[in-house]
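Written out below as structure tokens is the structure these notes cover.
The values are calculated or read from the model by the stated rules, or taken from the named source; none is laboratory data. Worth saying up front: this structure is predicted, and the values here are computed from it rather than measured. Cβ sites come from the backbone with ideal geometry, for glycine too, and all protein chains shown count toward neighbours. Areas reflect the complete protein model, heavy atoms only, side chains present, ligands, DNA and RNA absent. Shrake-Rupley method; radii C 1.70, N 1.55, O 1.52, S 1.80 Å.
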Amino acid sequence: MSPSIHDILQKKKKAEKIAVITAYDFTSAKICDEAGIDIALVGDSAGMVMMGNSSTIAVTMEEMMSFCKSVVNGTKNALIVADMPFGSYQVDMTLAVANAVKLIKLGCHAVKIEGGLEVIPLIRRLTEYGIPVMGHIGLKPQTTVLWQGYKVQGKTSDAAIELYDQAIEIEKAGAFSLVLELVTKEVSNEISRALTIPTIGIGSGSGCDGQVIVYHDLLGLFNNFKPKFVKRYLDSFTLSVEAVKRYKSEILSGIFPGEEHAFSMPEEESINFTNYLSTMRSRHGS
Ligand code: KIV
């Protein structure tokens, strides 16, 4: 059974670390679930690793809904958090709530919203309506990247104070957890110490209450580039190319498919079929 929001909050109280990973389809969700991951995040990083876009910006609600549906189908035990894609919550509050409701109705347990003080009213409103929200500050791929590129956040004391204040306000607004992306470890440590809700770090050091990583990065499936904070636990891209090459060469050499991969007719049916063919052939003189 999936953990409740209460269970996730309790983990912080008990100083138990929280393991989060992105998932976008039935199979990746099943793998994460089987491995005992606490939270499956249907991230809009899907736009990059599943769709080959250069950023997360183009991802639509329809695409997110399709990813979410597949993850819900593959998940039994993890809490499922759905990213709200760029444009799905900025237009107005009513549309934002309607879009969050769509994701929850699919079977997701919470939504994630990127943003600082500007998203506080939305976090408050969704929480009031009973929709759990995960915040996301630091590097915000939907917007920061447009202004600054992929830069570490919180390097100056002014930037650190701004992040710290945002974190406090996001907790006050009712978020149940907060992603800190590419934030200096000094800042993420202090934020994690100050909040009662868990911080989930990505490239933000070991002082966070949990960690998240993109599934394709962890397994080495995405090899366009490797950020410093990523630890690859498998070189799946290379292993997969090797496997597919072997498959091709076995087709060319006749090794695949083998006898064990073929299906037979019952003997009697096969005899009838052969008899039929020989009658036909003798009739046509072939
Ligand atoms: O979209 C995503 O995968 C994310 C995480 C990396 C935090 O937002």
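Values computed for the structure shown
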| quantity | calculated |
| --- | --- |
| Hits among lysines - C-alpha to C-alpha of Lys248 under 29 Å, sequence gap 8 or more where chains match | Lys30, Lys226 |
| Stokes-Einstein diffusion coefficient of the range 210-286, Kirkwood radius over Cα pairs, 4 °C, 1.567 mPa s, in µm²/s | 74 |
| Accessible surface of the chain, 1.4 Å probe, proportion on carbon and sulfur as whole % | 57 |
| Under Karplus coefficients 6.51, -1.76 and 1.60, residue-wise ³J(HN,Hα) of the range 119-129 in Hz, glycine/proline x | 9, 4, x, 5, 4, 4, 5, 5, 5, 4, 7 |
| Orientation-averaged projected area, Cα convex hull of the chain (nm²) | 21.6 |
| Dimensions in Å of the range 240-283 - Rg and Dmax from alpha carbons | 17.4, 52 |
| 13 Å beta-carbon shell around Val187, net charge (K/R +1, D/E -1) | -3 |
| Charge dipole (debye, nearest 20) of the chain; +1 at Cβ of Lys and Arg, -1 at Cβ of Asp and Glu | 280 |
| Loop-resident sites, the range 1-89, for GluC sites (Glu not before Pro), counting at most 15 other Cβ within 10 Å (DSSP) | Glu16 |
| Cα gyration tensor shape of the range 133-212, rounded if a/c is under 1.5, else prolate or oblate by comparing a/b with b/c | rounded |
| All-pairs alpha carbon distance profile, the range 220-259, 10 Å steps from 0, percent | 27, 34, 22, 13, 4 |
| Peptides 162-168, 184-190 ordered by average Cβ neighbours within 10 Å, highest first | 184-190, 162-168 |
| Globularity index of the range 154-286, i.e. its alpha-carbon radius of gyration over 2.2 N^0.38 Å | 2.17 |
| Relative contact order (percent, whole number), the chain, Cα cutoff 8 Å, 6+ residue spacing | 15 |
| Too-long pairs where the Cα-Cα distance tops 19 Å, listed order kept, from Lys151/Lys228; Lys69/Lys231; Lys112/Lys231; Lys185/Lys228; Lys14/Lys228; Lys185/Lys231 | Lys69/Lys231; Lys112/Lys231; Lys14/Lys228 |
| From phi via Karplus (6.51, -1.76, 1.60), per-residue ³J(HN,Hα) for the range 74-82 in Hz, x at Gly/Pro | x, 10, 10, 10, 8, 7, 9, 10, 9 |
| Charged-residue dipole, Cβ positions (Lys, Arg, Asp, Glu), the range 208-282 about Cα centre, Debye nearest 20 | 660 |
| Per-peptide average of other Cβ atoms within 10 Å, ordering 45-56, 246-257 highest first | 45-56, 246-257 |
| Diffusion constant of the range 101-172 at 4 °C, which comes from Stokes-Einstein with the Kirkwood Cα-pair radius and 1.567 mPa s, µm²/s | 97 |
| Integer Hz, Karplus 6.51/-1.76/1.60 couplings in order for the range 218-234, x for Gly and Pro | 4, 8, x, 7, 9, 10, 4, 7, 10, x, 4, 7, 7, 10, 8, 9, 7 |
| Debye log10 I(q)/I(0) for the range 30-99, one point scatterer per Cα, at q = 0.21, 0.25 Å⁻¹ | -0.90, -1.09 |
| Nearest 10 degrees, 0 to 90: helix 236-253 Cα axis against the chain principal axis | 10 |
| Under 5 Å, built H, 5+ apart or other chain: amide partners of Lys112 | Ala82, Asp83, Met84, Met134 |
